[in-house]
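A quick write-up on the structure given underneath.
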Amino acid sequence: MTMTDTAPATGTNSEVVEAPNYNYGKLAELVATGEHARIGRFFLGGGMLGLIGTLTVGLLLDLERTSPTKVEILDSDVLGQLISSHRLGLLLIGIIPALIGLAISVVPLQVGARTIAFPRAAALGFWTWLMGTVLWLAGYLMGGGPGGGDLQGTDLWILGNIMVVGGLLVATASVVTTVLGMRTTGMNLARTPLFSFSMLVAGSVWFITLPVLVANLVLVYIDHRYGQVLFGASEAIYAQLAWLAGQPQIYAVAIPVLGILGETVPVFAKARSASNTLFQVAISAFGLFAIGVWAQFSMSNVANPDATSLLKNPIYIAFGTLVVIPVLLALALSAATIRAGKLNAKAPFISALLAGLVLLAATVAGLLNVIEPLDLAGTTAALGHFNLVAGAAILGLVAGLWFWAPKIYGNMLAEGPGRLLGLVLALGALLAGVGFVAGGFLEQPDSPNPGALKDGVDMLNLVGVVGSALLLLGVVGAAGAVLGSRRSKTSPGENPWDGHTLEWSTASPPVRGNFTETPEVSNESPLFSDREEA
Amino acid sequence: MSTLDLGVADQIPAEVPEAAPARPRLVLIATAFAVLAFGMFLAGLFAVYVSQRAAFGEGWIPDGAGTIPLAPASVMLATMAMSSITVQWAVYAIARNDRLNSYLAAGLSFFFAIAFLNQGVFLFKSMGWEILGDNALQATLINAIAGTQFLMLVIAMVYLAVATFRSLAGQYSARDHEGMVGAAMFWHAAVIAYAVIWAAIYNIK
């Protein structure tokens, strides 16, 4: 119960007890809430808005690229700033908070917990993230983003970033502690639902890597505020942080995609997962290959920072190559599950499967990026790779939203638009990815204003623009579908999809305390087993 | 009948499910992640330090005036080591319901921590480096690393203070003293962080 919740009015002795009035008002209730479902919805809403904003910036940059020899749409002063706002923003303001929101809503239900661990810490994480986002935006508006000229704006931008990452880490701590410490009776780690397991892996990877980003930001702040001997005025700031959006670290935002894939496929195939253990191995391996904090080219060659220097690092090449294997394994296990069952392809399944396939395309693009003779370093191949991974993560998020909407919002999301949005997002991710990877093969530099280009690049840039526009359209459509569903008055029931895991054994939306009785499990698909026995 | 006239059990509403069995370790798990985060934060700073140090070549830390004096840095290490023992003593005592010794040990830990911070201020003043001065690069990096460890220690002090006050309020005892263990865990991490700084920066230079 939060400090602002009204105490229940009845007692176990059937006598009616007058509840003390602890009503501090709506605002206090909003700010100090300890309800995990509500905090999850806050993060989801904020993340979706962040996605729309940063994808819009990405679209503007791609449009600018269609006139490579002169700056037509944007101001040349803001171009450099917009690159960082698109790439870092898409991850820190869009995808990661939205995934955390999904996890805060769903993970406690999946592991049979009454609430999330440290609910007020999770709420603190959200408000810190939100305030950081506001400062981050204010920094950009003042012209203080990387490459911008406003010194105070840059300080604000750095502070905003630190608060954003700090808030995300606090909320992540709640999620991973829930998975590790609040699993219900009988649920060992091997029986943990795959989405929760993937959030444990993703959260651990974020905990290993995001503090290093904060360390970089602190250094940048001290240097920028005083001597400016390390990174100069603000030109070199983004180079110090770009590893977050580069290979292999970028895969860290896509780890939950595999969990969502592993969760949805058995439900819609109406079969047990081909191998839960192997799926967990695939998720863990993918997480391992997503630890990219060491791949900072500005550190590998301090005297002359150069993105190509990483291509001589055997670990970088090994990670870029091996990361394909866990994705292939997860897709193969999904195919085996589908074969063993009787498929009923609904919107969440379509989006999840497409997310897996786009992620496979992303890892293949990443593999191309680490092959030195192809000479793709510094070209738009990196942008294409980024778009593919981000597209896969967004698709996975949309799949998760459609799948768990009954538990998060208490409503089903519309099936038809759900299928269409999955296809739109997948097409958008593929076009925005493949277009720019192909542009990289034609030596297009990774800059929105690259100068004279080879023949054919114009067409590829147009393809990229269409892809970015479709991605934006898909996210706006998903947000619209969520808002539209709030008007629905029909209850979806406990288990509208015939789900296999514990979240489907409670009401939609869940009752207070999540479960009326403490659930117990004896395998990874308790509800599926119950149905088999019945 | 007012709510004050009822027992606690009477006020548990019927529609609320029974409480989940107590799950230990939540505070410890979260503390472990916090330690991991600070460890990686310091590792990130050290990575930049080491790469800049390697690129700089000879004369990174100047000889003579302005060098890092090893004696106070080593006394700081000894102080931190003693605080590690006393903080563990606090945990040991509360685990045996020996509250008096637990409070005494926690008090000593605070004393050592404050002494350490005081010595740290003395050390940096005696070095006389300024971020805007001749050694701007080194000062930026060393101040960032040392400052992070100072911050860790301050957080550890706040954590231990909260745990100690909770002990005073009777929340922690031999049966459950997870918060004290968590505070000690974070404290030890701050000590280890200083040991690494002492070895890699103050000693090796």
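Quick look at the numbers
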| quantity | calculated |
| --- | --- |
| All lysines inside 18 Å of B:Lys125 as judged from Cα atoms, apart from same-chain residues fewer than 8 positions distant | B:Lys205 |
| Chain A - percent relative contact order, Cα under 8 Å, separation 6 or more | 16 |
| Per-bin percent of Cα-Cα distances, segment A:425-491 [10 Å] | 21, 36, 20, 13, 8, 3 |
| FRET efficiency for B:Ala115 and B:Phe56, using Cβ-Cβ distance with R0 set to 35 Å, rounded to 0.05 | 0.60 |
| Residue-averaged [θ]222 nm for the protein assembly as shown, counting only DSSP H segments that reach four residues, each worth -39500 (n - 2.57) | -22000 deg cm²/dmol |
| Sorted peptide list for A:53-61, A:355-363, A:473-481, A:248-256, criterion being average Cβ within 10 angstrom, highest first | A:248-256, A:355-363, A:53-61, A:473-481 |
| Where only C-alpha atoms are counted, convex hull volume of chain A per residue in Å³ | 148 |
| Local net charge near A:Glu503, Cβ-Cβ under 11 Å (Lys/Arg +1, Asp/Glu -1) | -1 |
| Count of Lys pairs (Cα-Cα under 16 Å; at least 8 positions apart or interchain) in chain A | 4 |
| Trypsin sites (Lys or Arg not before Pro) restricted to DSSP loop in segment A:444-534 with at most 13 other C-beta within 10 Å | A:Lys454, A:Arg486, A:Arg487, A:Lys489 |
| Between segment A:52-100 and segment A:361-375, the alpha-carbon center distance in angstrom | 23 |
| Residue among A:Leu63, A:Gly34, A:Ile73 farthest towards the positive dipole end of segment A:33-94, charges placed on Cβ | A:Gly34 |
| Chain B, dipole about Cα centre (Lys/Arg Cβ +1, Asp/Glu Cβ -1), debye to the nearest 20 | 400 |
| Per DSSP, loop trypsin sites (Lys or Arg not before Pro) in segment A:24-100 with at most 11 further Cβ within 10 Å | A:Lys70 |
| Residue-averaged beta-carbon neighbours from other chains (10 angstrom radius) around A:171-184 | 4 |
| Selection from A:Gly484, A:Gly53, B:Ala115 lying farthest towards where the dipole of the protein assembly as shown points positive, charges on Cβ | A:Gly484 |
| Sites B:Asn101 and A:Glu520 - FRET efficiency at Förster radius 60 Å, r taken between beta-carbons, to 0.05 | 0.90 |
| Inter-site label distance for A:Asp530 and A:Ile317 at 7 Å from Cα along Cβ, in nm | 5.4 |
| Degrees between helix A:415-441 axis and first principal axis of chain A (Cα, 0 to 90, nearest 10) | 20 |
| Size of charge dipole - segment A:345-455 - debye, nearest 20, with Cβ of Lys, Arg +1 and Asp, Glu -1, no other charges | 580 |
| Magnitude of the charge dipole, segment B:50-138, Cβ model with Lys/Arg +1 and Asp/Glu -1, debye to 20 | 440 |
| Peptide-level mean, for B:137-146, of C-beta atoms on other protein chains within 10 Å | 3 |
| Range in chain A, longest, excluding exposed GluC sites (Glu not before Pro) [loop by DSSP; at most 16 other beta-carbon atoms within 10 Å] | A:236-442 |
| Residue exposure sequence - A:Thr277, B:Thr140 - by fewest surrounding Cβ within 10 Å | A:Thr277, B:Thr140 |
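Each value in this text was obtained by applying a stated rule to the coordinates, not by laboratory testing. What you see is a predicted model; the values in this text were computed from it and never measured. Every residue, glycine as well, gets a Cβ built from its backbone with ideal geometry; the counts of neighbours run over all protein chains shown.
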